[in-house]
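Every read-out reported here was derived from the displayed coordinates using simple, explicitly stated rules and does not represent laboratory data. Values in this document were obtained by computation on a predicted structure and should not be read as measured data. A quick note on method: Cβ atoms are made from the backbone with ideal geometry, for glycine too, and the neighbour counts reach across all protein chains shown.
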Amino acid sequence: MKKYAYIGCLGFLAVITTEFGVIGILPQIAEHYKISIDKAGYLLGAFALVIALTGPFMTLLASGFDRKKVMFTAISIFLVTGVVSSFSPPFWLLMLVRVLPAFLQPVYIATALSIAVSQADKKKENELMSIVFSGVALAMVTTVPFATLIASLFSWEYSFVVQSVVSIVALAGIYFVLPPMPVKEKKSSGSQLKILTKPSFLISTAMNFFMITAWFSTYSYFAEYLSKAKGMDSTMISYMLFVFGIIGVFSNWVAGKMLNRNIAKTTAFFLSGTILIPILLHFSDGNMMATVVVIGIWGFLYSPSFLNASTYMISSVPESLEFANSLATSFGNLGVTLGTTVGGWIIITKGVVYNPWIGLVFGVLAFLMIGLRSFLERKKRFQLKSID
């Protein structure tokens, strides 16, 4: 039912606002706490690392509980994070409350996706998943730039107030719209762990990891990059986040349609941005209009990355949607961690202008994984034909 997909999207909006809402205010947080920008980046990197390390296990643990209760509990913790963070606590406490909801983020995403497709026709599954994942793009066009704008007008603490409000709205949607959803038949852990023995799934996992690392080596420092490399002020950066996001909403819709036709080609098409964008950013140089156009293209090619990564991984093990998606979320966030860490290191040692080129390197590695999986699948089909 589309209604369930939209509720999943609303919760995803709260999740992404909390996870990525700090991207536009990292310079202000660094200034407030008198720390370097790469240290401030730990707020994003640590969040992602917790997801990467605990996601699959938390999803397995939560797989037997009522899905409505799981989603409600997850978003409740995101609300606590927003409220505490808005009081500008000591940096160690800010880090702690940032990390807490990360334990349940992949659980929320996997549960929301399973609910969205639970009563759907197989042909409509990717489209319904794209509705849930459109919460990422909607956050980029609404709450993330709005939180950045509010922070630039007042102070960075108000950004977390925005995150809290979004979480409250998501909680209301889950509580009043979703019916109780007890799990009728829990899959055994052993049957789900079998997917870890399939080469095509492992290769797809590596593709996801490299692709997200590629994007986040620069995107994690979006505000820093546009400020130092392109000379934009914080208000202009919030407008750029808006442009980035509004194109991303359309992009997610397009990706959902394209994935229904061909998953591998769609993934490769959007992945091409990891190679194209560094080149375009380089040649846009100090031209403001050219930079805005490049940011629009960047938003279009980046925004469906999590949708593409999950769909690409699930397509190799369609019988294990929830567990496969939790692994997609985990390795995607491991990519966020590595991208943020490497990106921070590049800023400190070389300068933020070099960050997009790191993305190009990891983008090439992701393309190699797509090629390897395609080769193995063709080989397998050939062997099956030979047996027949």
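Identify which of Asn262, Asn325, Asn208 has the largest mean-square fluctuation in a Gaussian network model of the chain, with springs joining Cα atoms closer than 10 Å.
Asn262
Can you tell which of Ser159, Ser134, Ser227 shows the greatest fluctuation in a Gaussian network model of the chain with Cα springs below 10 Å?
Of Ser159, Ser134, Ser227, the most mobile in the Gaussian network model is Ser227.
Under 10 Å, Cα contacts only: if you run a Gaussian network model on the chain, which one of Ala137, Ala112, Ala264 comes out with the highest mean-square fluctuation?
Ala264
Given a cut-off of 25 Å, name the pairs among Lys198/Lys265; Lys68/Lys265; Lys265/Lys379; Lys3/Lys68; Lys198/Lys379; Lys69/Lys198 whose C-alpha atoms lie farther apart than that in the structure shown.
Lys68/Lys265; Lys69/Lys198
Filter Lys2/Lys194; Lys39/Lys230; Lys124/Lys194 down to the pairs with a C-alpha to C-alpha distance above 28 Å, please.
Beyond 28 Å: Lys2/Lys194.
What FRET efficiency do you get for Phe87 and Met288 if R0 is 35 Å and r is their Cβ-Cβ distance, rounded to the nearest 0.05?
Plugging the Cβ-Cβ distance into 1/(1 + (r/R0)^6) gives 0.40.
So, counting K/R as plus one and D/E as minus one, what does the shell of residues with Cβ under 14 Å around Ser152 add up to?
Net of charged neighbours comes to -3.
Per the Cauchy relation, a quarter of the hull surface: what is the mean projected area of the convex hull of the alpha carbons in region 1-102, in nm²? Spell out each step's value before the answer.
Numbers: hull surface 28.4 nm².
Mean projected area for region 1-102: 7.1 nm², to one decimal.
Please give the residues of region 83-125, grouped as numeric ranges, whose backbone N is less than 20 Å from a label point set 7 Å along the Cα-to-Cβ vector of Leu53.
Zone members listed by number: 91-108.
Quick one: if you take sqrt(5λ) for each eigenvalue of the C-alpha gyration tensor of region 2-387, what semi-axes come out, biggest first, whole angstrom?
31, 26, 18
Can you tell me, using C-alpha contacts under 8 Å and at least 6 residues apart, the relative contact order of the chain as a whole percent? Don't skip to the end; give the middle numbers.
Values: 668 pairs, mean separation 108.7, N = 388.
About 28 percent, as a whole number.
If you average the sequence gap of Cα pairs under 8 Å that are 6 or more apart and divide by the length of region 3-91, what percent do you get for the contact order?
34
Quick check on the chain: helices-only [θ] at 222 nm, where DSSP H runs of length 4 and up contribute -39,500 (n - 2.57) each and the sum goes over total residues. Nearest 500, please.
Working: 20 runs with 311 residues, N = 388.
It lands at -26500 deg cm²/dmol.
Please work out how much length the chain gains when fully extended from Val177 to Phe382, using 0.36 nm per residue of separation minus the C-alpha to C-alpha distance, in nm with one decimal. Write out the running numbers ahead of the final one.
Details: separation 205, 0.36 × 205 = 73.80 nm, distance 4.86 nm.
Computed gain between Val177 and Phe382 is 68.9 nm.
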